[in-house]
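The values are calculated or read from the model by the stated rules, or taken from the named source; none is laboratory data. Since the structure is predicted, the reported quantities are computational estimates derived from the model, not experimental observations. All Cβ positions, even for glycine, are placed from backbone atoms using ideal geometry, and neighbour counts span all protein chains on display. Each accessible area value is taken on the protein alone, full model and side chains, heavy atoms only, with ligands, DNA and RNA left out. Shrake-Rupley method; radii C 1.70, N 1.55, O 1.52, S 1.80 Å.
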Amino acid sequence: MKIKPHRLRKNRHFQFIYRKGATIHSKFITLVYAKTNIQPFKVGFSVSKKEGQSVIRSKVKRFLKSSFVLIGEKLPHDYNYIFVAKSGIENLTFHQVQSEVLSLINRLNKKV
C-alpha cells in the first residue's frame, strides 16, 4: 500500500480528528480515529518535540509510516487515523514499533 494518497496534511483535518475522534492507547503509541466519508481514507503521524531532536522525530515518523505501509490494509477504510508517538518510542527498533502498530490495529478491528 502506498502512503502518498492516504496522507493527512492539513492542520484543520488533524484538529477535527483530535476533537471528534476516539482513541486507543498502547505503551508507546496512541491511535486517534474518526469516521469519514472521504475516500481514500487518510492517515497522519505525529511526534512531539519533547521526543528529541528532529533527527530522532524523523526516524520515529519513518518507522510509523513504514509500519503503516506494511500492515495498513488491515485498517477499516471508513475512518481517518492519526498515530501519535509517546515518549520512549525513540528507543524501540523498527520491529517493535511495527508490533505496537499491529496490536493497535487488532484492538481497533475488535472495537469497530
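Some points to look at:
- The set of residues in region 56-107 that are acidic (Asp, Glu) and modelled with pLDDT under 90 comprises Glu73, Asp78.
- Some residue of region 10-31 being in a strand (DSSP E or B), open to solvent by 40 Å² or more (accessible area, probe 1.4 Å), under 15 Å from Leu104 (Cβ atoms) and touching a Ser or Thr at 6+ places or on another chain (Cβ under 7 Å): yes
- So Ile56, is it out of contact with any Phe, Trp or Tyr (no Cβ under 9 Å at 6 or more places or on another chain), part of a helix (DSSP H, G or I), open to solvent by less than 30 Å² (accessible area, probe 1.4 Å) and among the β-branched types (Val, Ile, Thr): no
- Any chance Ser67 is in contact (Cβ under 8 Å) with a residue 60 or more places away in the chain, surrounded by 14 or more Cβ atoms within 10 Å (Cβ to Cβ), of a type in the set (Gly, Ala, Ser) and closer than 14 Å to Leu31 by Cβ: no
- Within region 70-112, considering residues that are touching a strand residue (DSSP E or B) at 6+ places or on another chain (Cβ under 8 Å) and among the basic types (Lys, Arg), the one least open to solvent (accessible area, probe 1.4 Å): Lys86
- Against the test of being part of a loop (DSSP other than H, G, I, E, B) and closer than 22 Å to Tyr18 by Cα, the options Ser67, Ser103, Ser87 yield a single qualifying residue, Ser87.
- When Leu92, Leu102, Leu70 are checked against the criterion of being more than 21 Å from His13 (Cα to Cα) and more than 14 Å from the chain's Cα centre (by Cα), a single residue qualifies: Leu92.
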